[in-house]
Amino acid sequence: MLEYLKMDLWSPYLVGVGIGVLNLFAFLLSDKPIGCSTAYSRTSGMIERVFRGSKVDEKAYYRKFEPVVDWEVMLVAGIVLGSFLSSAISGEFRPELVPALWADQFGPDPVTRIAAAFVGGVLLGLGARWAGGCTSGHGISGTLQLAASSWLAVICFFLGGVATAMILFGAGV
Amino acid sequence: MLDSLRSNERVQPIVGLFIGIGFGFLLQKGGVTRYDVIVGQLLLEDFTVFKVMASAVITGMIGVHLLRSLGMVRLHPKPGSWGSSALGGLVFGAGFGLLGYCPGTIAGAVGQGSVDALVGGVGGILFGAGIFAEIYPKLEETVLKRGEFGDATFPEILGANCWMVVIPAVLILLALLFWIEEMGL
């Protein structure tokens with residue numbers, strides 16, 4: 001058992017089956033599909049409330065998704081913790097400023113990488129709420145329910161993602 | 001018993017936390033909390049992300065429809081439209097390619113020590129989600145409702161028994177996985 005927990009990597013199929021089973025637990029125990037992106041909306045609203053006060057709660061979107069710590073915010077906090085546990089046990093936990101693949105293409109400057117990550121994050125956060133879900137909410141939980149909206153969204157996530165990565169890395173040109 | 005657990009507002013956040021811990025642990029062990037692996041997928045060079053997602057979808061699809069046949073779970077399909085699902089999906093995709101993480105895997109990246117995820121990415125996502133809340137009333141009137149098709153599932157659209165869709169979908173995903181392995185990707 002401990003041997004397994006200490007491994008750097010597991011088979012992607014084993015990991016996938018495990019995530020599928022976790023989805024079933026979410027449906028069974030919480031009557032919810034697993035999703036991550038509304039947690040960022042709620043957190044963003046909570047941060048804005050610090051600066052602008054309760055006026056934030058009047059925004060139409062926050063009346064729909066109240067800026068409070070809910071199930072999904074706890075789920076995202078759990079992901080941070082779970083990944084920390086996994087990487088700490090395997091010895092893979094290490095502070096990394098610039099991923100290797102990025103450094104190969106754009107150099108090792110952390111400011112460039114962090115600026116790009118910020119801009120990418122803005123588009124990701126905007127797009128996730130625009131599409132009503134992310135790679136987990138639509139990509140896994142929605143597609144497994146055979147929801148039409150989720151299949152369309154996940155195809156567009158990857159079309160946009162593949163195109164952007166190909167342009168950035170000059171692949172296939 | 002399940003109903004009282006589901007409506008217990010004190011216990012539910014803890015259930016969410018534990019499911020999250022399991023999710024984060026698995027994502028990290030799968031290698032999909034790494035920028036290099038996610039961008040490798042988007043460059044169509046490393047199919048780890050697809051393998052993880054497809055096997056999760058196969059497992060969950062069979063399981064959820066079985067549990068539903070037994071009356072133990074309800075489905076919660078999201079509503080969609082071309083203006084929201086497709087257009088929003090492409091905006092998400094552009095961010096996905098540039099950031100190299102998604103909202104779930106970035107939380108895992110933070111947990112394993114990726115500073116670019118924590119400092120750049122998470123800040124960006126929060127800012128982007130804030131922008132959406134700001135422009136939501138405008139978008140709602142204009143693009144979000146373009147080409148609405150509701151929260152329909154494929155079995156509903158086809159008017160078929162769910163297994164008539166689940167079985168072919170599972171077979172297609174399995175065939176894709178076999179093909180990817182055959183190609184050595």
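Results, tabulated for the structure shown:
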{"item": "Verdict on B:V170 being within 21 Å of the chain's Cα centre (by Cα), part of a helix (DSSP H, G or I) and within 7 Å of chain A (Cβ to nearest Cβ)", "result": "no"}
{"item": "Selected residue [touching a helix residue (DSSP H, G or I) at 6+ places or on another chain (Cβ under 9 Å), under 19 Å from A:N23 (Cα atoms) and buried (at least 17 other Cβ atoms within 10 Å of the Cβ)] from A:L144, A:L123, A:L152", "result": "A:L144"}
{"item": "Which listed residue is among the hydrophobic types (A, V, I, L, M, F, W, C), more than 7 Å from chain A (Cβ to nearest Cβ) and either surrounded by fewer than 24 Cβ atoms within 10 Å (Cβ to Cβ) or farther than 22 Å from B:K145 by Cα (or both), from B:V64, B:V57, B:V49, B:V73", "result": "B:V49"}
{"item": "Residue within the range B:76-85 that is more than 7 Å from chain A (Cβ to nearest Cβ), surrounded by fewer than 24 Cβ atoms within 10 Å (Cβ to Cβ) and not in a helix (DSSP H, G or I) present", "result": "yes"}
{"item": "Criterion violated by B:S114 - all others in (1) touching a residue at least 60 places away in the same chain (Cβ under 8 Å); (2) surrounded by fewer than 17 Cβ atoms within 10 Å (Cβ to Cβ); (3) at the interface with chain A (Cβ under 7 Å from one of its Cβ atoms); (4) over 20 Å from the mean Cα position of the chain (by Cα) satisfied", "result": "(2)"}
{"item": "Options B:G88, B:G93: the member that is within 26 Å of B:L177 (Cβ to Cβ), of a type outside the set (K, R) and assigned to a helix (DSSP H, G or I)", "result": "B:G93"}
{"item": "Flag if B:G128 is of a type in the set (G, A, S), modelled with pLDDT of 95 or more, part of a helix (DSSP H, G or I) and touching a Gly at 6+ places or on another chain (Cβ under 7 Å)", "result": "yes"}
{"item": "Test: residue in the range B:56-66 that is farther than 25 Å from A:C156 by Cα and touching a Leu at 6+ places or on another chain (Cβ under 7 Å)", "result": "yes"}
{"item": "Among the residues listed as B:I106, B:I38, the single one being more than 7 Å from chain A (Cβ to nearest Cβ), closer than 20 Å to A:D70 by Cβ and buried (at least 19 other Cβ atoms within 10 Å of the Cβ)", "result": "B:I106"}
{"item": "Within the range A:66-96, tally of residues that are of a type in the set (K, R) and more than 7 Å from chain B (Cβ to nearest Cβ)", "result": "0"}
{"item": "Within the range A:5-42, tally of residues that are more than 7 Å from chain B (Cβ to nearest Cβ), closer than 29 Å to A:S90 by Cα and either over 17 Å from the mean Cα position of the chain (by Cα) or assigned to a helix (DSSP H, G or I) (or both)", "result": "7"}
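Residues are listed down the side, and each one gets a yes or a no for (1) more than 7 Å from chain B (Cβ to nearest Cβ); (2) in a helix (DSSP H, G or I); (3) under 30 Å from A:L28 (Cα atoms):
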residue	(1), (2), (3)
A:V98	no, no, no
A:W102	no, yes, no
A:Q105	yes, yes, no
A:G120	no, yes, no
A:R129	no, yes, yes
A:T135	no, no, yes
A:G142	no, yes, yes
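The values are calculated or read from the model by the stated rules, or taken from the named source; none is laboratory data. No experiment lies behind these values; they were computed from the predicted model shown. Glycine also receives a Cβ, built like all others from the backbone with ideal geometry; neighbour counts cover every protein chain displayed.
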